[in-house]
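Comments concern the structure below.
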Amino acid sequence: QVQLVESGGGLVQAGGSLRVSCAASGGTFSSYSMGWFRRAPGKERELAAAINWSGDSTFYADSVKGRFTISRDNAKNTVYLQMNRLKPEDTAVYYCAADYSPSGRLYTSEGPYRYWGQGTQVTVSS
């Protein structure tokens, strides 16, 4: 059983920072692509960032590039999303997602991800 649990969300003022974490359990997660998706109120879910197993390949949405950094600690089966210079439009529920990637590539769409966390709320006030 694969389980992903997010933590670290909260309320922060615009310009501030937060780091959300995703702890994975129930598997080895070797060769897993992991991503952070977010769903803002009234909007569709979008991929904010993704990272492959080795950590040598990352993806960032244009809206977060330069402000967010995704990283992973495979020894701890944990992926992080460091969010800096937050904007009110970053307000969303942030979801961790994971799935096996035999090619070693990261996944940049929802389809390949079979395992999802329940999300953590990030609210950025203006």
For the range 4-54: Kirkwood Rh in Å [reciprocal of mean 1/r, alpha carbons]: 13.1 Å
Inter-site label distance for Ser30 and Asp56 at 7 Å from Cα along Cβ, in nm: 1.8 nm
Protein accessible area in the chain, 1.4 Å probe - carbon and sulfur %: 45 percent
The chain: proportion of alpha-carbon pairs further apart than 22 angstrom, %: 27 percent
Neighbourhood net charge (12 Å Cβ-Cβ; Lys/Arg +1, Asp/Glu -1) for Gly27: 0
Amide hydrogen neighbours beyond the local backbone of Arg72, cut-off 5 Å, H modeled: Tyr80
Mean accessible surface per residue for the chain, computed with a 1.4 Å probe while every protein chain stays in place, in Å²: 50 Å²
Spin-label model distance (nm) - Gln82 vs Leu11, 7 Å beyond Cα toward Cβ: 2.7 nm
Surrounding net charge for Tyr80, when Lys and Arg each add one and Asp and Glu each subtract one, Cβ distance under 15 Å: +3
Qualifying GluC sites (Glu not before Pro) in the range 11-115, DSSP loop, other Cβ atoms within 10 Å at most 12: Glu44
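The values are calculated or read from the model by the stated rules, or taken from the named source; none is laboratory data. This one's a predicted model, so the numbers in the text were calculated from it and none came from an experiment. Reconstructed Cβ throughout: ideal geometry from the backbone, glycine too, with neighbour counts over all protein chains shown. Protein only, heavy atoms only, side chains kept; ligands, DNA and RNA dropped before computing areas. Shrake-Rupley method; radii C 1.70, N 1.55, O 1.52, S 1.80 Å.
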